[in-house]
Amino acid sequence: MVKACASIDGVVSDPAPETIPVALGDFANIVRLRWWTASDRSSQIHIFGEVLQTVYKELDQNGIDMPYPTQVHLFHDQTEETDGDRTTQCEGWPATGNDPKPRRIADALAKQGS
């Protein structure tokens with residue numbers, strides 16, 4: 001993250017960009033990335049955007065997915081004969097015992113582009 005940030009035009013090298021671990025949670029390790037710019041206020045928002053995009057791409061290339069909150073909404077007809085029968089119904093998933101495997105967003109996008 002530091003290397004990616006330091007590569008952006010407008011980010012100064014002294015003081016150098018740095019990362020600071022700020023929290024260890026159940027589902028995330030929170031790391032704050034700090035950097036300084038010598039540019040005028042109007043350029044700072046563009047540099048900020050470039051830093052975010054560059055760091056995101058660098059993390060992705062190294063197999064680190066960014067966490068996004070997800071929700072699953074399952075709908076089924078509760079008047080079905082099989083309602084409640086776990087051998088034929090599994091809350092919206094086929095009752096085969098082969099639950100879907102997690103996939104990385106980046107892999108799906110790469111496959112789509114090829």
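Computed from the coordinates by the stated procedures, all read-outs in this text should not be read as laboratory data. Here the structure is a predicted model, which is why all the values come from computation and not from measurement. Methodologically, a virtual Cβ is constructed for each residue, glycine included, from the backbone with ideal geometry; neighbour enumeration extends over all protein chains shown.
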**Fill in**
Highest mean packing first, using Cβ neighbours within 10 angstrom, the peptides 48-56, 63-71 sort as 48-56, 63-71
**Long-range HN-HN contacts of Trp36 with modeled amide H, under 5 Å** = Val12
**Relative contact order (percent, whole number), region 2-61, Cα cutoff 8 Å, 6+ residue spacing** = 36
